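Take a look at the structure set out below.
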Amino acid sequence: MQALEYNIELFRGNTFSKKISLTDKKTSTPIDISGWTFYFTIKKVRDMKNLTDDKAILKKTIVVENGADGIVIFTLIPSETSLISPTNYKYDITYKKANGVVTTLIYGNFTVLPSVTRST
């Protein structure tokens, strides 16, 4: 599976949600992702030897327990996005299958815009 480039832009303090559906290209049927672990990571730059995931701007892990429908949803809530300084970052979504195979699914720019309203 080839990684897809998808750029994200959101206002600081806003909710972001992305639904990803994984299907078999040949049969158009959902891929069972039960037991897979998905990682959403935001960093200042794409690749830097000393910038390990524990130094990421934001990281989320989702373990799919019942994924027969091939769907995983990533959601960032206002308490998470309000902590990210407005600027440009890099992100990716990577998954690890139950058998240990790791694949980058989506990557791109993650731009946080300054918000005007901060009282919500």
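Values as computed for the structure displayed
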{"quantity": "Of 25/59; 55/90; 18/60; 18/90; 25/90; 59/90, those spanning more than 19 Å from alpha-carbon to alpha-carbon", "calculated": "25/59; 25/90"}
{"quantity": "Estimated FRET transfer efficiency (residue 21, residue 46; beta-carbon r; R0 25 Å; 0.05)", "calculated": "0.45"}
{"quantity": "Computed over the chain: relative contact order in percent, which uses C-alpha pairs under 8 Å that are six or more apart", "calculated": "40"}
{"quantity": "Reach of residue 19 by Cα under 19 Å, taken over aspartates and glutamates that are not fewer than 8 positions away in the same chain", "calculated": "5, 9, 32, 65, 69, 80, 92"}
{"quantity": "Simple spin-label estimate for residue 99 and residue 69 in nanometres, 7 Å along Cα-Cβ", "calculated": "2.6"}
{"quantity": "Sequence of 12, 46 once ranked by neighbouring C-beta atoms within 10 Å, starting from the fewest", "calculated": "46, 12"}
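No lab work stands behind these numbers, since they all come straight from the coordinates. This one's a predicted model, so the numbers in the text were calculated from it and none came from an experiment. Methodologically, a virtual Cβ is constructed for each residue, glycine included, from the backbone with ideal geometry; neighbour enumeration extends over all protein chains shown.
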